[in-house]
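Colleague: Here you go, one structure.
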Amino acid sequence: PQNIEEKWYEIWMNSGIYKANNKSEKPPYSILLPPPNVTGILHFGHVLNITLQDLYIRRKRMDGFEVCWFPGIDHAGIATQSKVEQELRKDGLTRYDLGRDEFVKKVWEWKEKYGGIILKQMRKLGVSVDWDRTLFTMDESASNAVQEVFIRLFDDGLIYRGKRIINWSPLAQTALSDEEVEFREVKEYFYTMRYYFENETDYLMLATARPETIYGDIAVAVNPNDERYKNVIGKKVRVPLVNRWVEIIADEYADPEFGTGCVKITPAHDPNDFMVGQRHNLEIINTINPDGTLNENAGEYNGLDRFEARKRIVEKLKEHNLIEKIEDYTHNVGFSQRGGEPVEPYLSDQWFVKMQPLTEQALEMVTQGEIKFHPAHWIKTYEHWMTGIRDWCISRQLWWGHRIPVYYAPDGRFT
């Protein structure tokens, strides 16, 4: 291969046989190659994907089509910014030491140095792309396209700004989409705590894997059909250590079959709790900083890392005899696909794309047979995904990447 591939690929390139002719009268056929991230190298998934596309492209050329295969690379906002920040940390610096403009310059320098590796690897594969049309997702034409689509979707009412629980990366200090979170099975503990009534003798038992969130507790929920707790709905219990009195509310979110059937409601730190809070018009208390430390609402644990705070809070609960029991607990925890750290459910203002009107059309194309799955049993998986999908969080708190084309008036309105 060493004596053959490079020689013939150069001959193919120099002959221009892969260049598409805009003025051709042949029927057009094109594929936009999903751009691999600028940060890394090709893996077998890329190779398989590219090879399958190349088969379609070459077949269509042989069938008499005017074919164009568009190559490109993705700026990979979080991953690329993280790489550069790692380099800065070696010199004891952060991006904040450089400031936004200087940091972005550093990222461009990194991209110029390492960004061409993937394109060279694609050439080694012998891909029949039109290299003259190579696009980087931060090129001016791509940035203009992003702005145009954002504005069009915004004008159509499909993009909105709202306060929601999103996946938050404490390491990169940015929001993540659901697709950027990987769930792993984690062995932790389930802490059953005592929430005392006003008589200081009787108490409810509530279990959680995250006792550090008690400082954001604003209610306790029980199922309205759970006979065990019907007589306590409307009464109040005291949150352990916090000494905040919270009401016992009735909500079907509480599962009588799980744990004790009582659920602590922390609207700022759990998407389901947030929805309960919306239904019952509950106060929202955020207790965690963007970097994953606890904030001033956590009292003496202000400034502590969330996991260190968990250990100390558990010790304090034990000291005050507020823990009923501690059990081994295996459950799925979301981790950042980019930074590798556990993500934090976090309440913040973000930009979203409404998915329902879009997924309805996409699902209809499959159910009517216009798009086919091979093998066909994957249709069920697709249907489940499309019907259960949440609105897509598209905003990121990064310095490298496309900026949302929204401008704010002095009174806070955006245009």
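Colleague: Across segment 12-42, what is the total count of residues that are open to solvent by less than 100 Å² (accessible area, probe 1.4 Å) and under 17 Å from Asp132 (Cβ atoms)?
Modeller: Of the residues in segment 12-42, 13 are open to solvent by less than 100 Å² (accessible area, probe 1.4 Å) and under 17 Å from Asp132 (Cβ atoms).
Colleague: Just to be sure before I move on: is Tyr114 more than 30 Å from Gly340 (Cα to Cα), open to solvent by 80 Å² or more (accessible area, probe 1.4 Å) and in contact (Cβ under 8 Å) with a residue 24 or more places away in the chain in the structure I sent?
Modeller: In short, no.
Colleague: I would also like to ask the following. Name, by its number, the condition in (1) farther than 28 Å from Arg279 by Cβ; (2) of a type in the set (D, E, K, R); (3) under 26 Å from the mean Cα position of the chain (by Cα) that does not hold for Arg210.
Modeller: For Arg210, the failing item is (1).
Colleague: So, in segment 381-399, of the ones that are among the polar types (S, T, N, Q) and surrounded by 11 or more Cβ atoms within 10 Å (Cβ to Cβ), which residue ends up nearest to Glu179 (Cα to Cα)?
Modeller: Ser395
Colleague: Suppose the filter is over 30 Å from Pro211 (Cα atoms) and aliphatic (A, V, I, L, M); does Val343 pass it?
Modeller: Considered against the rule, which asks whether it is over 30 Å from Pro211 (Cα atoms) and aliphatic (A, V, I, L, M), Val343 comes out as no.
Colleague: Where residues in segment 332-380 are polar (S, T, N, Q) and within 30 Å of Gly40 (Cα to Cα), which of them is surrounded by the fewest Cβ atoms within 10 Å (Cβ to Cβ)?
Modeller: Result: Asn332.
Colleague: In segment 237-271, how many are under 27 Å from the mean Cα position of the chain (by Cα) and crowded, with 17+ Cβ neighbours inside 10 Å?
Modeller: 9
Colleague: With the checklist (1) open to solvent by 60 Å² or more (accessible area, probe 1.4 Å); (2) under 30 Å from His331 (Cα atoms); (3) of a type outside the set (A, V, I, L, M); (4) within 25 Å of the chain's Cα centre (by Cα) in hand, flag the one item Arg100 doesn't pass.
Modeller: Just one mismatch for Arg100, condition (2).
Colleague: I need every pair where a residue in segment 223-234 that is open to solvent by less than 40 Å² (accessible area, probe 1.4 Å) has its Cβ under 8 Å from the Cβ of a residue that is polar (S, T, N, Q), sequence separation at least 6 or different chains.
Modeller: That search, which allows pairs on different chains as well, returns Tyr229/Asn223.
Colleague: Go through segment 43-64 and report how many residues are buried (at least 17 other Cβ atoms within 10 Å of the Cβ), under 30 Å from Glu109 (Cβ atoms) and either touching a Leu at 6+ places or on another chain (Cβ under 8 Å) or of a type in the set (D, E, K, R) (or both).
Modeller: Total meeting the criteria: 1.
Colleague: Further question: If you take the residues in segment 59-76 that are among the hydrophobic types (A, V, I, L, M, F, W, C) and closer than 14 Å to Pro34 by Cβ, which one is farthest from the chain's Cα centre (by Cα)?
Modeller: Within segment 59-76, the match that is farthest from the chain's Cα centre (by Cα) is Trp69.
Residue-by-condition table, conditions (1) at pLDDT below 95; (2) in contact with a helix residue (DSSP H, G or I) (Cβ under 7 Å, 6 or more places away or on another chain); (3) not small (Gly, Ala, Ser):
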residue	(1), (2), (3)
Gly369	yes, no, no
Pro375	yes, no, yes
Met386	yes, yes, yes
Ile389	yes, yes, yes
Gln397	yes, no, yes
His402	yes, yes, yes
Pro405	yes, yes, yes
Pro410	yes, no, yes
Phe414	yes, no, yes
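Colleague: Which is open to solvent by 40 Å² or more (accessible area, probe 1.4 Å), farther than 24 Å from Ala79 by Cβ and in contact with a Phe, Trp or Tyr (Cβ under 6 Å, 6 or more places away or on another chain), of Asn297, Asn281?
Modeller: Answer to the check: Asn297.
Table: residues versus (1) assigned to a helix (DSSP H, G or I); (2) in contact with a strand residue (DSSP E or B) (Cβ under 7 Å, 6 or more places away or on another chain); (3) open to solvent by less than 20 Å² (accessible area, probe 1.4 Å); (4) without any contact (Cβ under 8 Å) to a residue 40 or more places away in the chain.
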site: Ser128; (1), (2), (3), (4): no, yes, yes, no
site: Asp132; (1), (2), (3), (4): yes, no, no, no
site: Ala145; (1), (2), (3), (4): yes, no, no, yes
site: Arg164; (1), (2), (3), (4): no, yes, no, no
site: Ala175; (1), (2), (3), (4): no, yes, yes, no
site: Glu182; (1), (2), (3), (4): no, yes, no, no
site: Phe190; (1), (2), (3), (4): no, yes, no, no
site: Tyr196; (1), (2), (3), (4): no, yes, no, no
site: Val220; (1), (2), (3), (4): no, yes, yes, no
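Colleague: Is it the case that Lys316 is closer than 24 Å to Leu241 by Cα, open to solvent by 30 Å² or more (accessible area, probe 1.4 Å) and not in a strand (DSSP E or B)?
Modeller: yes
Colleague: I've got another one for you. Looking only at segment 135-143, decide whether some residue is open to solvent by 40 Å² or more (accessible area, probe 1.4 Å), closer than 30 Å to His269 by Cβ and in a strand (DSSP E or B).
Modeller: no
The values are calculated or read from the model by the stated rules, or taken from the named source; none is laboratory data. These figures come from a predicted structure and were not determined experimentally. Every residue, glycine as well, gets a Cβ built from its backbone with ideal geometry; the counts of neighbours run over all protein chains shown. Only protein heavy atoms, including side chains, enter the accessible area calculation; ligands, DNA and RNA are left aside. Shrake-Rupley method; radii C 1.70, N 1.55, O 1.52, S 1.80 Å.
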